[in-house]
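Worksheet: one structure, shown below.
The values are calculated or read from the model by the stated rules, or taken from the named source; none is laboratory data. Predicted model, so just to flag it, every value in this text is computed and none were measured. Cβ atoms come from the backbone with ideal geometry, glycine included; neighbour counts cover every protein chain shown. Heavy atoms of the whole protein, side chains included, go into the accessibility calculation; ligands, DNA and RNA do not. Shrake-Rupley method; radii C 1.70, N 1.55, O 1.52, S 1.80 Å.
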Amino acid sequence: MNASRVVTGALGERRKHPARRETIAVLVEHLSLAQRTGQWLANETHGDAYSSVRELNEHLHQAQCKLRAIQNNLPLLVEQAADGANSRSTLTGT
């Protein structure tokens, strides 16, 4: 099943990959849960393991920031992908 289809957004813009938005939204939700769980673990962890838990939480935070950047740039990424597909089809004649 092809989840990629053209839809019209609230401002009338055409979006080609709504499944990407849904996937990113799910990842944001899962990362938020992982961060909350990591914070709970940090509060419960003492001694030598604490630095590892802290490092894990830093990585989770970095992943969340990167995912938000991807989410904010998605319209641009979709346009670039469409432009790339158009140029490939022009070159191949398809």
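Note on Leu74/Ser32: beta-carbon distance plugged into 1/(1 + (r/R0)^6) with R0 of 22 Å gives a FRET efficiency of 0.75. Residues Glu58, Glu22, ordered by accessible area of protein heavy atoms at a 1.4 angstrom probe radius and largest first, appear as Glu22, Glu58.
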